[in-house]
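Since the structure comes first, as structure tokens, the remarks are kept for the end.
Just so you know, all these numbers are worked out from the coordinates, no wet-lab data involved. Note that the structure is predicted; figures quoted are calculated from it, not measured. Heads up, the Cβs are rebuilt from the backbone with ideal geometry, glycines too, and the neighbour counts pull from every protein chain shown.
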Amino acid sequence: MLMDADAWRRITAGVDGRDLRYEQVLDEFGTPGLIVSRRVLCYAPPDGSGWVFVDCVPLHRDTYVPGRGTVVRHWDVDPVVRAVRRPAAGFEAGLTLTPDLWLERGEAPPDGRPTTAVHFPDPFAPTPDGRET
């Protein structure tokens, strides 16, 4: 599904500096032409000349189940957008990281943009009982 010209202008200009979630992108820009791995929303302009990729990262939390000795994983059903890739002359020029991802990398977002400070867990961090993963 191709976007109309107005939606294409908005998605290529209006995502920078905003913290968005998966459902907000769908609400604002409509159904993407392609969804990859249930987390990357892919939009194409009316003339089919390029793509915008909106990469969302599903966060999770694990909950120990007393008496069963198991852990249940709860996935975020509305993942945060971590990056947007637009058509551009170079790799860096076409990549926009969301403010939350800048914070996770230990850097200040460009232009002092406000953030909601979502935490992306370290996959190599020790578990709460001290075991290494």
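For L34, L41, what's the fewest-to-most ordering of other Cβ within 10 Å of each Cβ?
Lowest count first: L34, L41.
Once phi is turned into ³J(HN,Hα) by the Karplus curve 6.51 cos²θ - 1.76 cosθ + 1.60 with θ = phi - 60°, what whole-Hz value does each residue of region 82-90 show in order, with x for glycine and proline?
Once θ is set to phi - 60°, the couplings for region 82-90 become 9, 7, 10, 10, 10, x, 7, 5, x Hz.
Suppose a student asked you for the relative contact order of region 1-83, using Cα pairs under 8 Å spaced at least 6 residues apart; what percent would you report?
30
Please compute the net charge surrounding D4, taking Lys and Arg as +1 and Asp and Glu as -1 over other residues with Cβ under 14 Å from its Cβ.
-1
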